[in-house]
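Right, one structure below, let's go through it.
The values are calculated or read from the model by the stated rules, or taken from the named source; none is laboratory data. Because the structure is predicted, anything quoted here is derived from the model rather than measured. Counting neighbours? That spans all protein chains shown, and the Cβs are built from the backbone with ideal geometry, glycine included.
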Amino acid sequence: MPIAHFPPSGPGPGGVTPQLLVKPPNAIPDPTTTFLVGHAVALVDVAGTPTYFLCGANPANRPDLFIGFVKSASAVPGTTEIVTGRGSTLAPVVEGGGPLTVNAGVFLATTPGEVTQTAPTGPNQVIIQVGFAASTSAITLTTDPRHVIP
């Protein structure tokens, strides 16, 4: 039985924007990358250490391991906060820096860590819808991304 999806019209009760955060124990950000709040990330096991990497639509950027978006990044193991919960609202890093079109789908972009509202079309690119635009600068996250094979 299908489940209906209705894009949000704004913050939740009392004007609070809901966010479900995770801080995987001992996880660290990739030391070669500067993470910004709103970057899309993948969580990868590197020699037994869970490590965050920027995530994108190209297979080399681990779209299949997308976990969520950076809320705060720290080199201290286990302290990086990732927004990952379905229904969480956040401001992602948008490819090209433009505004989002409200109620339209949002996908991992070909630029690692960024999102776009134009599904990638290049060869071997993975199309992963990560949410819907709740406003011109924020999305509502769907933690059950749809993998679309062109």
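In the range 26-49, the residues that are over 11 Å from Thr80 (Cα atoms) reach residues that are surrounded by 15 or more Cβ atoms within 10 Å (Cβ to Cβ) and at pLDDT below 85 with C-beta atoms within less than 7 angstrom, at least six apart or across chains, in these pairs: Leu43/Pro24; Leu43/Ala27; Thr49/Ile28.
Scanning the range 57-114 for residues that are polar (S, T, N, Q) and in contact (Cβ under 8 Å) with a residue 60 or more places away in the chain turns up Asn58, Thr84, Ser88, Thr89, Asn103. Take the conditions within 16 Å of Gln129 (Cα to Cα), part of a strand (DSSP E or B) and at pLDDT 85 or above and apply them to Ile82. Does it pass? The answer is no for Ile82. Of all residues in the range 87-124, those that are in a loop (DSSP other than H, G, I, E, B) and either within 14 Å of His39 (Cβ to Cβ) or charged (D, E, K, R) (or both) total 8.
Only one residue in Gly68, Gly87 is touching a strand residue (DSSP E or B) at 6+ places or on another chain (Cβ under 8 Å), modelled with pLDDT of 90 or more, surrounded by 14 or more Cβ atoms within 10 Å (Cβ to Cβ) and not basic (Lys, Arg), so which one is that? So the residue among Gly68, Gly87 that is touching a strand residue (DSSP E or B) at 6+ places or on another chain (Cβ under 8 Å), modelled with pLDDT of 90 or more, surrounded by 14 or more Cβ atoms within 10 Å (Cβ to Cβ) and not basic (Lys, Arg) is Gly68.
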